[in-house]
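Here is the structure we will look at, set down as C-alpha cells.
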Amino acid sequence: ICASSTVYARQKRALARHLAGVPGHVMPAGEEHKTMHTLCELLSAMAQAGLTRRARLACIGGGVVGDIGGLAAALYMRGIDCVQIPTTLLSQVDSSVGGKTAVDFSGVKNLVGAFKQPSTVLVDGAFLKTLPPREIRCGLGEIVKHAALSAPLFDRLWENRDKLFDLAFLSDIVPLNIAFKADVVQKDPREQGLRKCLNLGHTTGHAFELAHGALSHGEYVLIGILYEARFALRHLDCDGEYLAALQTLARAALGELPALPDAAVAAERAKLDKKNVARGEVVMTVPVRKGEYALLALPDEVYARELMLIGGELK
C-alpha cells in the first residue's frame with residue numbers, strides 16, 4: 001500500500017484494521033514532492049518489503065500518489081500490477097484513468113514517465129466530503145476540460161453552472177467524466193492521435209504552473225482554458241458564442257483570476273512542453289465548437305506576444 005501523508009493521517013485506523021500485515025509506505029503530499037527523490041524512496045520501500053513480480057501496489061491518495069505509484073509499479077521488476085484508489089476529485093475524473101504516470105524533472109512537468117494502465121480503479125464519492133473547496137476547484141479544472149470536448153458533458157455543466165461546488169451534483173457527474181476519458185484512452189492508449197484532445201488547456205496551464213506554482217494543477221488548467229479559448233478565437237474559425245459560454249464556466253469554477261507571472265516567463269516554459277512537435281513552435285489543443293477541438297501550432301515569438309495580450313484582455 002502506498003498512501004499520501006494526508007490520507008494516512010485521516011485513515012490510519014481504517015488502514016490498520018483492514019490491511020493488517022500488508023507492507024505500507026507513506027508518501028509526502030503535494031505537487032512539490034512529485035520528484036525522482038520521492039519515486040526512489042517508494043521503490044526502496046518496495047524492495048525492502050521483498051515484493052515479487054506477482055505483487056500488487058495499491059495507491060491511495062490524489063494525483064501525485066497515483067502518478068508516482070503508477071510509475072513505480074511500471075519500473076519495479078519491469079512491471080507489477082497497480083490498483084488506483086483516487087481520493088481527490090481531480091484524481092477521480094482524470095489521473096487515475098488512463099495510465100499516464102510521471103514525475104517532474106529538470107524543471108519540466110511530467111518529463112520522466114511511462115504508460116502503466118492500472119489493473120483496477122476504485123472510486124468512492126464519499127472521499128469528496130473530506131476535501132476543502134480549493135480541492136474541488138482543482139478537480140473542476142479537468143471536468144470543465146472534459147466538457148469542452150464532450151457536448152453532452154458541456155450541456156450538463158451549463159445547465160447546472162450554479163451547482164459546480166455541490167457535492168451531490170459532482171458525485172453524479174464523476175462517472176460521466178470517467179466514462180468519457182476511458183473511451184478516449186481505450187481508442188488511443190499511447191496518445192498517438194485522439195488522446196491529444198485531453199491536452200486542452202494544458203500547454204498554457206502547465207506553462208503558468210511551472211512559472212508560478214502558487215495554485216493547484218486544476219486551477220492552472222482552468223486558466224489555460226481561458227487563455228487557449230482566446231488563442232482559438234484569434235487564429236481559427238470558431239463558434240464565438242460557445243467559447244464565451246465555456247469561458248463563463250471556467251471563470252465560475254476558478255473564481256477571481258489570480259495575479260500571474262510575467263507572460264515572457266510562462267512563454268519560455270511553454271517552449272519546453274513535451275507536446276511540441278518541432279523546435280521553435282508551441283502546440284496547443286484548443287476548443288473551437290461544442291464537442292470539437294483543433295491542434296494549433298504557433299511560432300514561439302507569436303505565442304509569447306499573444307500570451308501577454310490575452311492576459312491584458314482577461315484582467
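What to note about this one:
- Quarter of the Cα convex hull surface for the range 90-243, i.e. its orientation-mean projected area (nm²): 9.9
- Listed pairs K34/K315; K34/K109; K34/K181; K12/K109 exceeding 20 Å between Cα atoms: K34/K315; K34/K181; K12/K109
- Equivalent ellipsoid dimensions for the range 163-226 as semi-axes, Å, which come from the Cα gyration tensor, largest first: 22, 21, 8
- Note on R10 and L236: their simple-model spin labels are 3.7 nm apart, each label 7 Å out from Cα toward Cβ.
- Given [x] 19.2, 60; [y] 20.8, 77; [z] 18.2, 53, the label whose value is Rg and Dmax of the Cα atoms in Å derived from this model: [x]
- Dividing the Cα radius of gyration of the range 251-315 by 2.2 N^0.38 Å, with N the residue count, gives 1.22.
- Mean Cβ count within 10 Å, highest first, over the residues of peptides 120-130, 15-25: 120-130, 15-25
- Highest average first, the peptides 205-216, 173-184, 80-91, 158-169 ordered by how many other beta carbon atoms sit within 10 Å of their residues are 80-91, 205-216, 173-184, 158-169.
- Report summary: the helix-based calculation at 222 nm, which adds -39500 (n - 2.57) for every DSSP H run with n ≥ 4 and divides by the residues of the chain, gives -16000 deg cm²/dmol.
- Computed P(r) (all Cα pairs; the range 158-293; 10 Å bins; percent): 11, 37, 40, 12, 0
- For the range 1-150, projected area of the alpha-carbon convex hull averaged over all directions, nm²: 9.1
- The range 14-75 and the range 249-290 have Cα centres separated by 31 Å.
Values quoted throughout were computed directly from the atomic coordinates according to the rules given, and no laboratory measurement underlies them. It should be emphasised that the depicted structure is a prediction, and the values quoted were computed from it without experimental measurement. As a convention, Cβ positions derive from the backbone with ideal geometry for all residues, glycine included, and neighbour counts pool all protein chains shown.
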